[in-house]
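Only one structure is covered here, and it is reproduced in the block below.
The values are calculated or read from the model by the stated rules, or taken from the named source; none is laboratory data. Owing to the predicted nature of the structure, the values given are computational and were not obtained by experimental measurement. Note: ideal-geometry Cβ built from the backbone for every residue, glycine included; neighbour counts use all protein chains shown. To get the accessible areas, we keep the full protein, side chains included, count just its heavy atoms, and leave off ligands, DNA and RNA. Shrake-Rupley method; radii C 1.70, N 1.55, O 1.52, S 1.80 Å.
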Amino acid sequence: MVPAGIAVAAAAAIAFEVSYVLQALEARSAPKDSLPAKGLAALARRRRWLAGLALAVVGGALQVVALRLAPLTVVQPALALGIVALVAAGGRVLGEPASRSDVLAALALSGGIVLLGIAGSRLGTGAPSRTGTAIAVVALGIPVVCAMVLRGAPPWLLLAAAGAGDVLAAIAAKRFADAWGSAPLLVSVGWVLLGAGGVAGALASEMSALRTWPATRVGPFVVACQTAVPVLLAPVVAGERWGPETPLVLVGLAIVVAAASRLAISARLLEPRDEADHDVGGARKVAP
């Protein structure tokens, strides 16, 4: 089941990144001085941007299916494979060719996923901790809520909220996948709402952080958070027991985070080349 889960997660990753490229192409032509809400409303009237949004929904559905087939410890890092497609697409579609170091990082990322797949096939399972999950959700939700309600939130808080929102979404996707068909409807709806809130908070916070800090700082941090933190929390929020596979999980995770962060720096796809110093395109989401 684990290989099938990795395959479905890879398909989800490609859907997410093709969605990103479609929306990035539209976002490049949006007025840079427009308000976020106004810019988003304008993009929502464009077919290519809406096609990207539809692909993101497909990616989310595939992610849930992957989590039904494989542990969170394997699926979440496997979603980073989409960055490889993103960097490759940059050369053909958006004029940002991949370098030799990008190719090496992509190979390292794939190797890390293989290690996690081997470890994931031998993981034990148990009931997730309700108390631990509640603590994790509250701790991750605090920076997201603060970033949304505080006027003039500092960049460090926006950055923390972007990472925390993505982690919340990953946890919610896993718990929804586990609850699918076995838990009461209200429980499933609750996880869907939590995931949607996490995605919305992460997107808004990341876009706001990018107005102050370059994507070469924001992008790698967000990628590292959405890749590593859900895995590190998996024993608590998903009941995954690493046991003797712990060293293999940690080594594979470290490789994936390092390689994905390097590739995130290369994924500068929202700004034209002559404005590369501002680097707004390194993050994984699209500014309205």
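Quickly run through the range 45-74 and pick out the residues that are modelled with pLDDT under 90, more than 14 Å from the chain's Cα centre (by Cα) and assigned to a helix (DSSP H, G or I). Hits for the range 45-74 are ARG47, ARG48, TRP49, LEU50, ALA51, GLY52, LEU53, ALA54, LEU55. Exactly one residue out of ALA134, ALA161, ALA106, ALA119 is in a helix (DSSP H, G or I), more than 15 Å from ALA10 (Cα to Cα) and within 20 Å of the chain's Cα centre (by Cα), and it is ALA161. Test TRP156 against the criterion of being open to solvent by 20 Å² or more (accessible area, probe 1.4 Å), modelled with pLDDT under 90 and within 20 Å of the chain's Cα centre (by Cα), and give yes or no. Yes, satisfied. Taking ALA42 as the residue in question, decide whether it is modelled with pLDDT under 75, closer than 21 Å to ALA204 by Cα, open to solvent by less than 40 Å² (accessible area, probe 1.4 Å) and part of a helix (DSSP H, G or I). Yes; evaluated as a whole, the condition is true for this residue.
Just one of the listed residues (LEU253, LEU203, LEU194, LEU168) is within 25 Å of GLU17 (Cβ to Cβ), open to solvent by 30 Å² or more (accessible area, probe 1.4 Å) and modelled with pLDDT of 90 or more, namely LEU194.
Scoring GLY163 on the criteria (1) at pLDDT below 85; (2) in contact with a Pro (Cβ under 9 Å, 6 or more places away or on another chain); (3) not aliphatic (A, V, I, L, M) leaves a single failure, condition (1).
In this structure, ILE118 qualifies as open to solvent by 20 Å² or more (accessible area, probe 1.4 Å) and in contact with an Asp or Glu (Cβ under 9 Å, 6 or more places away or on another chain).
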